[in-house]
Amino acid sequence: MLAPSIRYARTVDNVSIACAAFGSGEEPVIALRPPESSHLGFEFTLPMETRHHEFERMAAHRTVVRFDPRGAGLSDRGVADLSLDARLRDIDAVADHLGLATFAIQASLQTCAWAIAYAASRPGRVTHLALHQPYLSGANFWDEPGRRALESLISVDWLTYTEAAMSHAFGWAPGDIPRALATQMRAAMTPADFLAYLRAERLTSVGTLLPQISCPVLVVHCPPNTLAPRDLALRVAAAVPDGRLALPISFDQYLGELNAFLDSPGAAVDPAPSSGGLSLRVVLVADAEAGPGELGAAVTSHGGHARAVDGISLGVFRSAQDALNCARALAIATGASVGVHGSEPGLGTPPETDPSIITAARAVGAAAPGQVVVTNVVRELVAGKGFGFAELPASSLTGPERLFALHPAPSA
């Protein structure tokens with residue numbers, strides 16, 4: 001029986017995410033599972049028939065990464081933000097914690113929406129996307145009449161609800177599999193967390209993002225199936241630019257097709273900002289006035305990549321101009337002190353001693369509330385692009401770097 005070592009990643013909004021990596025191979029795959037079916041301390045003890053040793057068999061060919069989403073399993077429970085953006089932050093945190101610059105994603109059911117949104121918004125990280133029984137809308141999934149009819153039981157009798165929900169998922173067929181999965185569901189979530197999850201999922205819809213996915217996509221529908229409609233799988237495969245459809249008749253055939261797809265050439269990805277392959281990266285650090293959620297949202301909306309390193313929330317950009325536009329907006333909105341520095345990534349440098357982050361943090365120390373301070377490298381990178389600066393006096397606290405305060409409004 002597989003018993004992977006469980007580690008913890010921390011998101012930019014300070015949520016602890018339990019994760020595990022196992023197997024071997026150069027091309028990792030992150031396997032997403034719905035929160036109600038995710039518990040790293042439980043799922044590997046289930047009878048073989050419930051999962052057909054899916055992850056173990058995948059790990060024979062590649063590195064497999066599993067994690068419990070926020071609000072479920074061994075990750076933080078009772079989390080307020082269960083939005084789609086929060087789900088993407090979970091993936092970012094795990095990938096960054098494990099040092100994955102690029103990776104494939106395998107998702108099932110409603111987590112396919114998370115995978116689609118991630119691949120569309122972060123094309124530089126995802127090489128392949130495998131969608132098993134996909135749904136594009138949380139409301140469409142959870143408002144299916146059979147699921148909706150059972151929902152009133154959640155607050156009244158959690159045991160009965162979980163048993164009935166899993167029996168419904170298997171077409172009310174008799175046997176031990178639904179009961180084993182119902183036990184896992186009770187371990188994975190509390191009724192309160194599950195109800196909060198349902199409210200958030202009903203607001204999720206990603207159909208318009210399908211044309212934006214640049215990596216190859218494998219859409220899988222396994223007949224007979226009562227969980228997802230076959231015609232939706234056909235529509236998803238047709239809507240993405242590089243879609244393939246698989247209709248396996250057995251689990252063994254499904255795994256064979258999945259492995260062949262993951263072994264095929266993936267997207268020609270541009271390495272993520274955390275990768276050592278970049279010739280330049282621009283790091284933005286803010287003080288505590290900008291909460292992790294505010295910083296993460298601002299960084300993402302300006303084309304950057306939000307990270308958390310040793311308790312510090314920061315943003316990494318490919319463009320100095322994008323970083324400064326983000327820094328200015330963040331300082332105005334939150335009153336935070338913001339520092340920005342650009343450099344080549346240090347290969348093999350531990351994040352806590354990364355000179356780029358340390359220098360950006362020194363710039364924060366030189367900034368007044370609501371002010372952006374940058375290094376001379378950043379100032380030179382945006383020369384002639386409408387940014388104005390005033391040089392700050394040298395200080396023993398800020399190190400040898402020349403530092404400049406960004407004018408709060410664009411130069412004429």
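The values are calculated or read from the model by the stated rules, or taken from the named source; none is laboratory data. All values derive from a computational prediction rather than experimental measurement. Cβ sites come from the backbone with ideal geometry, for glycine too, and all protein chains shown count toward neighbours.
Values as computed for the structure displayed
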item	result
Candidate set: the stretch 69-85, residues that are among the hydrophobic types (A, V, I, L, M, F, W, C) and more than 12 Å from the chain's Cα centre (by Cα); chosen: the one nearest to G138 (Cα to Cα)	L82
Some residue of the stretch 136-149 being buried (at least 24 other Cβ atoms within 10 Å of the Cβ), in contact (Cβ under 8 Å) with a residue 40 or more places away in the chain and either farther than 24 Å from P248 by Cα or of a type in the set (S, T, Y) (or both)	no
Sole residue being under 30 Å from S313 (Cβ atoms), assigned to a helix (DSSP H, G or I), among the hydrophobic types (A, V, I, L, M, F, W, C) and in contact (Cβ under 8 Å) with a residue 40 or more places away in the chain, chosen from A107, A113	A113
Any hit, the stretch 48-62, residues being within 26 Å of A192 (Cα to Cα) and not hydroxyl-bearing (S, T, Y)	no
Qualifying positions in the stretch 129-158 - over 19 Å from D193 (Cβ atoms) and modelled with pLDDT of 95 or more	L129, A130, L131
So F387, is it in contact with a His (Cβ under 8 Å, 6 or more places away or on another chain) and either assigned to a loop (DSSP other than H, G, I, E, B) or at pLDDT 90 or above (or both)	yes
Filtered residue count, the stretch 236-251, keeping only those that are surrounded by fewer than 16 Cβ atoms within 10 Å (Cβ to Cβ) and in contact (Cβ under 8 Å) with a residue 40 or more places away in the chain	1
Qualifying residue in the stretch 86-94 (condition: more than 24 Å from L227 (Cβ to Cβ), outside the structural domain of L295 (by TED's automatic domain parsing), surrounded by 20 or more Cβ atoms within 10 Å (Cβ to Cβ) and over 11 Å from the mean Cα position of the chain (by Cα))	no
Considering residues of the stretch 1-44 that are of a type in the set (V, I, T) and assigned to a loop (DSSP other than H, G, I, E, B) only, the residue surrounded by the most Cβ atoms within 10 Å (Cβ to Cβ)	T11
Residues of the stretch 98-112 classified as more than 15 Å from H128 (Cα to Cα) and buried (at least 22 other Cβ atoms within 10 Å of the Cβ), total	2
Residue in the stretch 115-132 that is surrounded by 24 or more Cβ atoms within 10 Å (Cβ to Cβ), closer than 26 Å to S24 by Cβ and of a type in the set (S, T, N, Q) present	no
